[in-house]
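The next block holds one structure in the form of structure tokens; read it before the comments.
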Amino acid sequence: MTAFKLVCVLFDLDGTLVDTAPDLLASLNRSLTVHGYPQIAAGHVRPLISHGAMAMLDHAAADADAGLKQQMLDYMLDYYLHNIAEHSRIYAGMDEILRSIEEQGLKWGVVTNKRQRFTRPLLDALDLSRRAACIVSGDTTANSKPHPEPMLAACRQAGVLPENCVFIGDAAHDITAGRDVGMKTLAALYGYLQAGDQPQNWGADAVIEHPRQLQQWIQLALCH
């Protein structure tokens, strides 16, 4: 078996690289208010963010019929697009890690299930797009995570082999997608986990409670 040689660090976006919860919650609550529903506290829907806007709406407006729910979703996403980086910020410590990755001659990129119409504006607003070696959104390929297709597309964009990458994510489908193409995988415990999640059982190579631990993992990987 070929020894692991780290050349590229890949990130999930929401709940891993960027804390997008404040803007997503604001957009959800705006839509709920407009459509006659009470606002919902962050703690009730934050764990659902990794599963998409409809999962958040299904929880916040469970009794809405399909037609109304689609109207609410459309309103929420339109509002979100126009307020995409009002309060969203890269996680504390992550900017230093990205700089360290770049200074060591490694590449980094993003593989997310977020649609491209949201991914690009968000990364542009945070001045990250120009630095990323690859950006793969939920609709860049025919299938999204946990399918391996987005992971392979990211490797093609970055010009790297999957077996020389590590993928960090906060959901089981992130770990599955990375493992299925032979990447090392890290489960981000600081992300948007649900109460019943058991990240220690996802099959990741390691779990990280804070971005600092990602830096430590990278340094250990480079030393071997």
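The values are calculated or read from the model by the stated rules, or taken from the named source; none is laboratory data. From a predicted model like this one, the values you see are computed outputs, not experimental measurements. Cβ coordinates were reconstructed from backbone atoms using ideal geometry, including for glycine residues, and neighbour counts include every protein chain displayed.
Structure notes:
- Members of segment 107-121 that are among the polar types (S, T, N, Q) and under 12 Å from the mean Cα position of the chain (by Cα): THR112, ASN113, THR119
- Consider segment 22-50 and keep the residues that are of a type in the set (A, V, I, L, M) and within 21 Å of SER144 (Cα to Cα). The one that is surrounded by the fewest Cβ atoms within 10 Å (Cβ to Cβ) is LEU48.
- Unique match (being outside any helix (DSSP H, G or I) and not assigned by TED's automatic domain parsing to the domain that holds ASP127) among ASP58, ASP78, ASP63: ASP63
- Evaluating GLY138 against the criteria (1) at pLDDT 95 or above; (2) over 24 Å from HIS87 (Cβ atoms); (3) assigned to a loop (DSSP other than H, G, I, E, B); (4) not hydrophobic (A, V, I, L, M, F, W, C) leaves one unmet condition, (2).
- Just one of the listed residues (ALA172, ALA188, ALA132, ALA206) is crowded, with 17+ Cβ neighbours inside 10 Å and in contact with a Lys or Arg (Cβ under 9 Å, 6 or more places away or on another chain), and it is ALA132.
- Number of the exception - ASP58 against (1) without any contact (Cβ under 8 Å) to a residue 40 or more places away in the chain; (2) acidic (Asp, Glu); (3) surrounded by 23 or more Cβ atoms within 10 Å (Cβ to Cβ): (3)
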